[in-house]
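Taken together, the values in this text are just the output of simple stated rules run on the coordinates, not laboratory data. From a predicted model like this one, the values you see are computed outputs, not experimental measurements. All Cβ positions, glycine included, derive from the backbone under ideal geometry; neighbour counts span all protein chains shown.
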There are 2 protein chains.
Amino acid sequence: MNRRDLLKISGTLFAGSILTQGFAATNTLSTITDTDGTASTDHPLLLHYNENSLGLSPKAKNAIVDVLSNVNRYPDSYIEELQQTIAEAFKMDTKQVTLGVGSSDVIRAVVNQQVYKATQKGQKIQLITPHPSFFLAADHAQGMGIPVVSIPLDTNFCMDITKMKQAADSFDGISIVYLCNPNNPTGTLTSSATIADWVKGANADKNYFMVDEAYAEYITDKNFVSGTSFIREGRDNVIVLRTFSKIFAMAGMRLGYGLSTEKVAKELVPFMAILNISMPTAVAGTASLKDSAFIQQSRAMNSNSLAMTTEAFDALDIKYLPSQGNFLFHQVKCDQKQYIEGMAAEGITIGRPFPPLMQWSRVTLGTPDEMNQFLTVIKKFKKKGWV
Amino acid sequence: MNRRDLLKISGTLFAGSILTQGFAATNTLSTITDTDGTASTDHPLLLHYNENSLGLSPKAKNAIVDVLSNVNRYPDSYIEELQQTIAEAFKMDTKQVTLGVGSSDVIRAVVNQQVYKATQKGQKIQLITPHPSFFLAADHAQGMGIPVVSIPLDTNFCMDITKMKQAADSFDGISIVYLCNPNNPTGTLTSSATIADWVKGANADKNYFMVDEAYAEYITDKNFVSGTSFIREGRDNVIVLRTFSKIFAMAGMRLGYGLSTEKVAKELVPFMAILNISMPTAVAGTASLKDSAFIQQSRAMNSNSLAMTTEAFDALDIKYLPSQGNFLFHQVKCDQKQYIEGMAAEGITIGRPFPPLMQWSRVTLGTPDEMNQFLTVIKKFKKKGWV
């Protein structure tokens, strides 16, 4: 199924996951081939999905081409190599690595598994999510018919851990807690110490933490501590999610993974497809993980684009949130529809609305050249009073 | 997870799914690059996984290479195109097509969904499978803790529909019925009329039919009627599974699909990952489906290899079952271990044992050249009295 179908299924139950009809058209733009990089309505700049404009690592590309003569064979050994490469990067056992078709696949499996387990035991179960945030865990939970508790971000646009904890503690059943750090779409980091206080003090039989760190590789804040620390402590109620869609520019290859104790990974097995990573994706993942020059380049590009965009915003007196991801959440003064359609008319696609934060917009940090084009339009919009 | 991990999880509960330790080594051979095609212990012929020795369609290969500059983008539109191409091929609506990371992914989702639904309603549920057959549905069912009823094949090595129906009718709950037609590893076709009698007469609230037609494109028997006929009749308790791993030589690309009514497809959504097909796999699938010359070539190769192998077997008085797939189930007179290791020593990997049919072996139909090499070894084995 595609993104829109899923969103349609979740329907009107969860406002955060609705891609409002008026903006649906931007959705199909994601996959138009980039041309010379100059914004136009025919070939828009794609700054709406937090993809990585750098494109695939050349080493990953070569690895894919090299393997094409062999894709009539099942990919077992290539998948094992990828799993080992990830395990080594985290100094974990391969059995702690759950590969997924995007981290979305692992999110799905966790929700499927936890909800089934609770139902089988006759226990109540709910999902707690910050709001707005990445919608997928909530969508799968709703699809399975369990309640989703959306806790608004706090006044700093961070996850409101106190209120999320209250929602869990006051529930007479299991809570799947979705944590997104840094949070999408805000880019804000929630205090690792505050999260750790909750996780370490929580009843492991009643609280299952899904820690989505899709943007972890971009984080520059020295106070960030990855959720993998909970795994190293042997906690059987935590899974950390990572993706190849962002820093590794592999959104179209569909690859992500969960890190957990072996026990947690084993529980997921009946809910994961066998041999779920294609040979091209597996070799691209392995090559990308080992391509430290590309990772460095990817990080440097993001940091340059972030710096030039925030400097321009400062000069123009446009408010934005401190970003620890590959996108920037900034304030707009006009109607969302006007802003998004105005950008589209200039050949730039930006993020969808994230209700209830209707005075904010998310722009993906592309190449510095792309950000220059974006900022040229921003300056026009400033004159119109739109930002 | 890989195949072996899954098999380990299922453990000793289900004999049919155990890859006995002594033969586990053949498992890693699948992904060794083919060389000049001459069998050797260093570069064995891979005739053990029912892969397609022809290799990927050149048009599919080109489509993959063309899309590599774009794989930093999400694949939405490419997935939609694939879904449409499949829907058109079957004259169905795109909403009736559930794409999976291999048909394995759809098998998994069906088991996950049906078992959850029954559990939620407080109903009992079991899975009925022919035995031996493709093990995956049974493995997922066992992983979720529901009973698996294995019904031995009948005296013609076909699915014993009468006994499978009895197992369903005598159960006071839901039965997920796994049908594999033609059956793997036997290659035998079960009468479409007999299957239709059951499906059409069955209580749709108590019987859910999963019709695995992984080898459908190889079928030459004019009496075969695809399970898609049940979908066209609007039955909401049937899903038909197809794969790109066989006729399209895409085992390493991981692509399969389910065909069903829209209602059945919609129920699966919470159990499927969003955007679950990579861009290279999506374009390869679309290109392969449209490459009728390749399909013809693939079918012709299989038919040639089947003819020359069965002729040689006839001449050598080696028994085999009539095959409607890309493999041949033939009788052996020695111990399985001796046969498999003997073949391996000659540089040929063949199928694992399929208990309880320990006097039979499955060989994949490779290219005619590969079959010649296989038959040279068979002639040696004949002299030893092994076949």
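Taken about its Cα centre, the protein assembly as shown carries a charge dipole of about 880 debye when Lys and Arg each add +1 at the Cβ and Asp and Glu each add -1 at the Cβ. Size descriptors for the protein assembly as shown: radius of gyration and Dmax over Cα atoms are 26.6, 91 Å. Where the centre of each part is set by its Cα atoms, how far does the range A:261-299 sit from the range A:83-103, in angstrom? One Cα centre to the other: 6 Å. Dipole orientation for the protein assembly as shown: of the candidates B:A168, A:F90, B:I295, B:A168 has the Cα lying most toward the positive pole (charges on Cβ; Lys, Arg +1; Asp, Glu -1).
Annotation: the residues B:S69, B:S298, sorted from fewest to most other C-beta atoms within 10 Å of their own C-beta, follow the order B:S69, B:S298.
Site pair A:D169 and B:N62 shows an inter-label distance of 6.5 nm when each label is modelled 7 Å from Cα along Cα→Cβ. Considering only beta bridges that DSSP places wholly inside the protein assembly as shown, some 40 percent are antiparallel. Cross-link partners for B:K124 among the aspartates and glutamates, with Cα-Cα distance under 16 Å and sequence neighbours closer than 8 places in the same chain left out: B:D169, B:D172, B:D205. Residues within the reach of a label modelled at B:S40 (point 7 angstrom out along Cα to beta-carbon, backbone nitrogen below 14 Å), restricted to the range B:348-387, are B:348. With 5 Å bins beginning at zero, the pair-distance distribution over Cα atoms of the range A:58-290 amounts to 1, 7, 15, 19, 20, 16, 11, 7, 3, 2, 0, 0 %. Cβ crowding within 10 Å, taken as a proxy for footprinting-reagent exposure, orders A:V106, B:V148, A:V332 from fewest neighbours to most as A:V332, B:V148, A:V106.
Here the ratio of the Cα radius of gyration of the range A:270-319 to 2.2 N^0.38 Å is 1.91.
Remark: mean inter-chain Cβ contacts per residue of B:103-111 equal 3, using a 10 Å Cβ-Cβ cutoff to other protein chain atoms.
Each part reduced to its alpha carbon centroid, the range B:104-162 and the range A:189-214 end up 37 Å apart.
Taking amide H atoms as placed 1.01 Å from N in the peptide plane, the amide H of B:I151 lies under 5 Å from those of B:T129, B:H131, each 5 or more residues away in sequence or on another chain. Computed per residue of chain A from DSSP H runs no shorter than four, each worth -39500 (n - 2.57), the mean residue ellipticity at 222 nm is -12000 deg cm²/dmol. Applying a threshold of 27 Å to the alpha-carbon distances of B:K222/B:K246; A:K165/A:K290; B:K165/B:K222; B:K200/B:K246 flags A:K165/A:K290; B:K200/B:K246 as lying beyond it. Assuming R0 = 60 Å, can you tell me the calculated FRET efficiency for the pair A:M358 and A:K95, based on Cβ-Cβ distance, to the nearest 0.05? Given R0 = 60 Å and the Cβ-Cβ separation, E is 0.85.
Normalising the average separation of contacting C-alpha pairs (under 8 angstrom, six or more residues apart) by the number of residues puts the relative contact order of the range B:58-290 at 30 percent.
A crude spin-label estimate for the pair A:E341 and A:K319, with each label 7 Å from Cα along the Cβ direction, gives 2.6 nm.
When +1 charges are put on Lys and Arg Cβ atoms and -1 charges on Asp and Glu Cβ atoms, the dipole computed for the range B:58-290 relative to its Cα centre reaches about 160 debye.
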